[in-house]
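The values are calculated or read from the model by the stated rules, or taken from the named source; none is laboratory data. All of these numbers come straight from a predicted model, not from anything done at the bench. Quick reminder, even Gly has a Cβ in these numbers, built from the backbone with ideal geometry, and neighbours come from all protein chains shown.
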Amino acid sequence: MSNALPDSTSYVVVGGGVHGLSTAWHLAMTLKQMGKGSGADVILLDKSHPGAGSTGVACGIVRNFYMTEPMHTLVKESVGVWTYDPILFGYQQVGFISCGDKSQIPDYEKMYQNHCAIEYPSDLYVGAEAKTFLKRLWPDFNPHSIEAVLHEKLGGYSGTARFVQGMVEMCTRYGVNIHSGVEVQNYQMANGRVTALETNKGTVKCDMVVLAVGPWMGKHWELLGKPDRLDVTYQDGSSIKGKDMWTYWRLEEGEVYYDRPYLTSDQKNPPVLHIELMDTPVPHPSNGREISGNVYVYWKYASERLNCPGLQGGAMPIKLGPKAILDPYGHANDNYQAGSEFADYLTACMGMFMDNLKGLRKNFKERRNGGIGAFTPDNLPILDWIKDNVFMIADSGHGYKLTGVGKLLAKQLVSGRPEEALKPFAFSRYEKGQAFGSGHTKVPWV
Ligand SMILES: Cc1cc2nc3c(=O)[nH]c(=O)nc-3n(C[C@H](O)[C@H](O)[C@H](O)COP(=O)(O)OP(=O)(O)OC[C@H]3O[C@@H](n4cnc5c(N)ncnc54)[C@H](O)[C@@H]3O)c2cc1C
């Protein structure tokens, strides 16, 4: 990696998270394949280093559990990137199982039908079949009010450090220069275009900018003269005036030491498990007191974060509002650390659903955890031009899994032809009455 910042370049990618890295790698590869250039035409700038944002602190889960159908194609495309080199990216394709209650059966059926329509292999189990399926996988499973199960075969997870290293390797292999410690502080503009980026290490003239700064997007949105509120019209005709452009959510996650084998009945690494039950209370394991009126929890095998066998999981995120303290980010930020209530909740849920996981509160790893994300007005990605030559990837907290966005964008930039899969995520959806609705869930991932 060279540290000399060029005076000018064709493509500048700002941000070394999943989207910046994937875009830079695919741009370099696509330019070469189409005989239109190479990685020498692309630079990536990061104010800290690759993986310093959400990508570095994510749980690392890849799933296609979305009420919003256009997301299914983005995830399918992304699985193609994950499996391009699963070893380099640390991708464990163990599958993903989501569990819901009776009220969610129609949502599950819709998701399953759409998975079938796009040939994304999944199985749906409802009623007694759902319970039987879970007990077959985990004989100690207590299904409680679970009545719907969607089993995605292609999902899984990847350790974040390994993944970032793999992506940097792909960028480097294709000749992209990654400049760490370079912060974009302002934009020079003429006739609706950005002509140069002003950084702490000097000014870089450029033809095209891909903005992939994750939770920091609000700051750049403002620098580019965009409004902090907007009117949003949904597909059912309803609308909300003056909605905040960005809303910050705090994501709570953590790890639990578990030195017995966490395996399925056929001795395999289990699928990622995700359970949302709207009206099923979670009792405190020692005194039975209700610690929550509903279940929202996920967990999977984790060894990267623990350096020994264990489980990693998360629960309901916490809404912060239109402002948040972004720096320092993630584990370094005193304001946004998962507290003891989170540890109580996660471990209570684990014991509630699996007998073998009872009593794990004492095994919770006390350490800094979690991070925040910037969510869009309808909690779904905005993937669009926000200046004539600035493309914004704002994934609304969905994005570790979305490695395919950078691939699709690279194809679009090099060929000059819009990619169908990106179109539903245009910014204009808010005024055109195409904003997405929310489905039956209490979380912002819809
Ligand atoms: C705790 C947590 C768990 C998560 N778990 C999952 C999960 O399991 N699965 C999933 O799909 N998603 C998950 N997510 C969401 C996912 O991590 C993010 O949506 C995704 O990583 C965002 O990637 P990004 O490339 O947009 O941004 P980031 O990864 O945040 O990268 C942005 C980069 O931009 C750099 N930057 C910022 N400002 C500037 C500037 N001015 N100049 C230069 N560089 C700059 C930063 O240093 C940073 O490296 C999770 C998020 C959190 C917080």
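The listed residues are TYR248, TYR296, and the only one of them that is within 16 Å of the ligand (Cβ to nearest atom), closer than 18 Å to LYS358 by Cα and part of a strand (DSSP E or B) turns out to be TYR296. Number of residues in the range 38-88 that are within 26 Å of VAL443 (Cβ to Cβ) and within 15 Å of the ligand (Cβ to nearest atom): the value is 27. Residues in the range 32-89 that are under 22 Å from TYR301 (Cα atoms) and of a type in the set (Ser, Thr, Tyr): SER54, THR55, SER78, THR83. Just to be sure, is GLY397 buried (at least 23 other Cβ atoms within 10 Å of the Cβ), within 16 Å of the ligand (Cβ to nearest atom), not β-branched (Val, Ile, Thr) and not assigned by TED's automatic domain parsing to the domain that holds VAL213? Judged against the criteria, GLY397 is not a match. Those residues that are within 13 Å of the ligand (Cβ to nearest atom) and surrounded by 22 or more Cβ atoms within 10 Å (Cβ to Cβ), I need them from the range 383-394; list them, please. Those that are within 13 Å of the ligand (Cβ to nearest atom) and surrounded by 22 or more Cβ atoms within 10 Å (Cβ to Cβ): LEU383, MET392, ILE393, ALA394.
So which residues in the range 112-135 are among the hydrophobic types (A, V, I, L, M, F, W, C) and either within 17 Å of GLY155 (Cα to Cα) or in contact (Cβ under 8 Å) with a residue 24 or more places away in the chain (or both), if there are any at all? CYS116, ILE118, LEU124, ALA130, LEU134 - these are the residues of the range 112-135 that are among the hydrophobic types (A, V, I, L, M, F, W, C) and either within 17 Å of GLY155 (Cα to Cα) or in contact (Cβ under 8 Å) with a residue 24 or more places away in the chain (or both). For the range 223-241, filtered to residues that are assigned to a strand (DSSP E or B) and among the basic types (Lys, Arg), the residue that is nearest to the ligand (Cβ to nearest atom) is ARG229. On inspection, PRO283 fails the criterion of being surrounded by 20 or more Cβ atoms within 10 Å (Cβ to Cβ) and of a type outside the set (Phe, Trp, Tyr).
Screening the candidates LEU5, LEU44, LEU31 for the property of being over 25 Å from ALA374 (Cα atoms) and surrounded by 21 or more Cβ atoms within 10 Å (Cβ to Cβ) yields one hit, LEU31. For the range 93-131, the set of residues classified as closer than 23 Å to TYR296 by Cβ and under 20 Å from the mean Cα position of the chain (by Cα) consists of VAL94, GLY95, PHE96, ILE97, SER98, CYS99, MET111, HIS115, listed by residue number.
State whether one or more residues within the range 214-222 are within 24 Å of the chain's Cα centre (by Cα), crowded, with 22+ Cβ neighbours inside 10 Å, within 16 Å of the ligand (Cβ to nearest atom) and assigned to a strand (DSSP E or B). No, the range 214-222 has no match at all. Can you confirm whether ILE291 is of a type in the set (Val, Ile, Thr), more than 30 Å from GLY225 (Cα to Cα) and not in a loop (DSSP other than H, G, I, E, B)? Taking the combined requirement at face value, the residue satisfies it. Where helices (runs of 4 or more DSSP H) fall entirely within the range 9-100, those with at least 3 residues that are among the charged types (D, E, K, R) and closer than 25 Å to VAL272 by Cα are at 69-82. Figure legend. Inter-residue proximity from the range 235-260: first residues farther than 29 Å from LYS323 by Cβ, second residues of a type outside the set (Asp, Glu) and assigned to a strand (DSSP E or B), beta-carbon distance below 6 Å, spacing 6+ or different chains. Indicated pairs: GLU255/GLY310; GLU255/GLN312; VAL256/GLY310; VAL256/LEU311; VAL256/PHE364; TYR257/GLY310; TYR258/GLY310; TYR258/LEU311.
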